[in-house]
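Here is the structure we will look at.
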């Protein structure tokens, strides 16, 4: 892995036993042989059990695809998610177990989440009422990552309940349309669920963030966090797609062009394009995603009008912005607002 | 799959011996035809019959448990196989008219097979009637294997929606009210964490049996999702539904569950949301089944909320 550049889909850095073993067990319990689950990945079950094997994101995603296809009953992602947090990475899980409130847990997830959930980046944003926890998959694609998103939200809600937090007022947003098993979401996550939101994340009421958890231990938490810091090379904790997304997001008013991004990453534009294509995305898609997420966030939290958003995202006028918004979501900003209240 | 085949091992070995004997006898006593004498159209037709008999046999042994019904059906198909096999051999081996056993092998097994099949089908019918009685509270009138939950063997939420829609429509026509219960196990997440999914699944299965035993014959139990069950109570009023919900809560409370690694009994409680399709929920636009589901889930959330605040 080149320092400074986010990981690619071929980089082997995911400890297979931490991520795949639980899923293999679940599959077996549901009558699917582990070899079938691993079909096409080139991984052998025996190697996973040896606890040494590192696999790459591509293999991991293929395992997820197999799981989704082979295991009957649509709850497997939600059950599997319960295994992922506090997780099996020693430093990360000891920090998580020492978290003294939801805020600690979220901060930990934002900074070191890759140790437990390697393919998902967590991003926190605050407004007067809520904290918005946004999930961005390593591929940068909100719509095609349903299984991964399901596992991560299940993991988060399960660890918060385990450690004593309330998850009653949480409001979930999912980018993709309603799946044919909405009841799984309802039972595992709660009653406030919106599909077709064109962003993945959850609004958590601020008063939940600081409610104390019984097992919290601040000193232990801080110690484990700094140990995590040393365990994780700071720049390698996101995929290349997530990294480019982030570069675009922080300068969303004047986003750098493809050439400039490539230059900042010390890559040629052609190889940046190729590496992004390997993740199944492109510069333009990531730029659209960054703008879309921004717009949706401000619509939902502040009820911003098209004019304000056009200004915020540096569009010439609101008509241009409206046209873009329609291209991203298939809806006008007004229709989006009326369809799904925050 | 192996275990499935093993229970039919005796029958399969016997059949293999008979077929081999048949082949050996035919080839050693008959006179093999030359290529030009063979009628390929007949080979294709009669070979097809043999092939189909083999497919039937394979399907039979791969799904049916051992027992009298299976044995009868197996015997029937085996006779068909012998008869059509001899018919096929006829095409490649010439028999002299003195060898009458060739004709026997062709014509005698067929009627025997027919008789066996007839008896087999009759006892299958009786077996199915007995099974239907067992399945009554799991499926109401409609069987669709795509909607069966693998863990509990109950129908899933899709089936529930279908049944609920039909039930409400009919009940409204007859001016009856339909009740729906949502049964949710308290703290099921902890069970999965503490004991693992294997025991969690077993708890779900055992609770399924308990709930089924305590329902009326016309009720339908489904697995909604996760640890939530749904019960459709046709022609039931609010009072009766609440009474049944109380009974279910009671029996679950007294059910001693034992984890696979310990003899210590563990007790669980359920929260139940009750909703009745009546005049109260009649929002136009939304299908009544969805409204009833929503209402039951809402009532369940309310019950859960109260429990949490009482505990805290």
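Checking the a/c ratio against 1.5 first, then a/b against b/c, what shape does the Cα gyration tensor give for chain A? Cα axes put chain A in the rounded bin.
Modelled spin-label separation between residue B:209 and residue A:223, with each label point placed 7 Å from Cα along the Cα-to-Cβ direction: 4.9 nm. Angle of helix B:109-135 to the longest C-alpha principal axis of chain B, folded into 0 to 90 degrees and rounded to 10: 10°. Modelled this way, with points 7 Å down the Cα-to-C-beta line, the labels at residue B:266 and residue A:317 are 6.6 nm from one another.
Where the centre of each part is set by its Cα atoms, how far does segment B:202-237 sit from segment A:91-110, in angstrom? Using only Cα atoms to place each centre, the spacing works out to 39 Å.
Taking every C-alpha pair closer than 8 Å and separated by at least 6 residues, the mean separation divided by the residue count of chain A gives a relative contact order of 18 percent. Our note on the geometry: Cα centres of segment A:259-298 and segment A:181-229, 28 Å apart. Rounded, prolate or oblate, given the Cα gyration tensor of segment A:73-145, with a/c below 1.5 counting as rounded? Taking the square roots of the gyration eigenvalues as a ≥ b ≥ c, segment A:73-145 is oblate. Take every DSSP beta bridge whose two residues both sit in the protein assembly as shown; close to 90 percent of them are antiparallel. What the Cβ-Cβ distance of residue A:328 and residue A:230 gives, at R0 = 60 Å and to the nearest 0.05, is a FRET efficiency of 0.90.
Placing a label point 7 Å from the Cα of residue B:193 along the Cα-to-Cβ direction, the residues of segment A:156-188 with a backbone N closer than 12 Å are A:156-166. Full extension of the chain segment joining residue B:22 with residue B:107 gains 29.2 nm, where the gain is 0.36 nm per residue of separation less the Cα-Cα distance.
Scaled to the globular estimate 2.2 N^0.38 Å, the Cα spread of segment A:123-186, given as radius of gyration, is 1.19. Computed from Cα atoms, the angle from the helix B:40-63 axis to the main principal axis of chain B rounds to 40 degrees. Shape class for segment B:180-243, computed from the alpha carbon gyration tensor (a ≥ b ≥ c): prolate, with a/c not under 1.5 and a/b above b/c.
Divided by 2.2 N^0.38 Å, where N counts the residues, the Cα radius of gyration of chain B comes to 1.48.
Taking every alpha-carbon pair in segment A:168-228 and binning the separations at 5 Å intervals from zero gives 4, 15, 17, 16, 12, 13, 12, 9, 2, 0 percent. Extending 7 Å from Cα along the Cβ direction at residue B:243 and again at residue B:158 yields two label points whose distance is 3.7 nm. Helix-only arithmetic for chain B: the sum of -39500 (n - 2.57) across DSSP H runs with n ≥ 4, divided by the residue total, places the mean residue ellipticity at 222 nm at -20500 deg cm²/dmol. The value obtained for the protein assembly as shown, namely the Cα convex hull volume divided by the number of residues, is 239 Å³ per residue.
By the count of neighbouring beta-carbon atoms within 10 Å, fewest first, A:168, A:109, B:15 end up ordered A:168, B:15, A:109. Under 13 Å from a point placed 7 Å out from the Cα of residue B:62 along the Cα-to-Cβ direction: which residues of segment B:34-54 have their backbone N that close? The answer is B:54.
Laboratory data are not the source of any read-out in this text; all were calculated from the coordinates shown. Since the structure is predicted, the reported quantities are computational estimates derived from the model, not experimental observations. Quick reminder, even Gly has a Cβ in these numbers, built from the backbone with ideal geometry, and neighbours come from all protein chains shown.
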